[in-house]
Amino acid sequence: MALLIDSSVWIDFFNGLSSRETDYVTDQLGRRLIVTGDLILAEVLQGFRRREHFEKDKNALLAFPVFNMVCPEIAIKSSDNYQLLRKKGITVRKTIDCLIATFCIESGLELLHADSDYDGFEDFLNLRVIHP
C-alpha cells in the first residue's frame, strides 16, 4: 500500500526537525512506495523563503509519484465527510485537510501526518494512518 505524507510532516522534515514522523520518513525512503499530491506540493512549497531551498525540495518532492487530488467527486465526498464529522461534534479546521483525508480514503492510501484534523477521519471514516 502506498504512503502519502502530509505537509505537516514534510515541513518539519525539510526544516530538519526530528519527530517520530520525520524519523519514519527517513527510515522509509527507498523502502516503500511514497506518493504525494498537488495539494501537498502547494502547501509545502509556499512556505519556502529562499529560492534555492524551494528548487531543491521541489525537485525532491517531484521525484515521487504526484496525484491530482481534487476532482468534483472528491470535492463532494469531502463535503459529505465534513458534514458527517460535524454531526459527531468534530469540526475540521482546514478544508484542505478534508480533501486530503477524503482522497486517501477513496484511493486506499495510508497517511502519515502530524495534524489533529485527521483524527476524526481515522476514528469514524476509516482513514488509514501510520503511527510511528
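A single entry from T91, T22, T102, T36 fulfils the requirement of being loosely packed, with under 15 Cβ neighbours inside 10 Å, of a type outside the set (K, R) and in contact with a helix residue (DSSP H, G or I) (Cβ under 8 Å, 6 or more places away or on another chain): T91.
Of the set (1) closer than 29 Å to C71 by Cα; (2) modelled with pLDDT of 95 or more, all apply to E55 but (2). Pairing residues of segment 73-89 that are over 15 Å from Y118 (Cβ atoms) with residues that are crowded, with 17+ Cβ neighbours inside 10 Å, at Cβ distances under 8 Å and at least 6 apart in sequence or on separate chains, gives I74/L99; I74/T102; I74/F103; A75/L99; K77/T102; S79/C98. Among the residues making up segment 52-71, a single one is more than 14 Å from the chain's Cα centre (by Cα) and crowded, with 17+ Cβ neighbours inside 10 Å: D57.
Considering only residues in segment 101-124 that are touching a residue at least 40 places away in the same chain (Cβ under 8 Å) and in contact with a Leu (Cβ under 7 Å, 6 or more places away or on another chain), the one that is farthest from I11 (Cα to Cα) turns out to be F124.
Quick grid of which residues meet (1) surrounded by fewer than 19 Cβ atoms within 10 Å (Cβ to Cβ); (2) in contact with an Asp or Glu (Cβ under 7 Å, 6 or more places away or on another chain):
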| residue | (1), (2) |
| --- | --- |
| R50 | yes, no |
| E73 | yes, no |
| D115 | yes, yes |
| Y118 | no, yes |
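Candidates in segment 1-19 are the residues that are touching a helix residue (DSSP H, G or I) at 6+ places or on another chain (Cβ under 7 Å) and polar (S, T, N, Q); of these, the one that is farthest from F64 (Cα to Cα) is S19.
The values are calculated or read from the model by the stated rules, or taken from the named source; none is laboratory data. For clarity, every value in this text was computed on a predicted model and none was experimentally measured. Please note: Cβ atoms are built from the backbone with ideal geometry, for glycine as well, and neighbour counts cover all protein chains shown.
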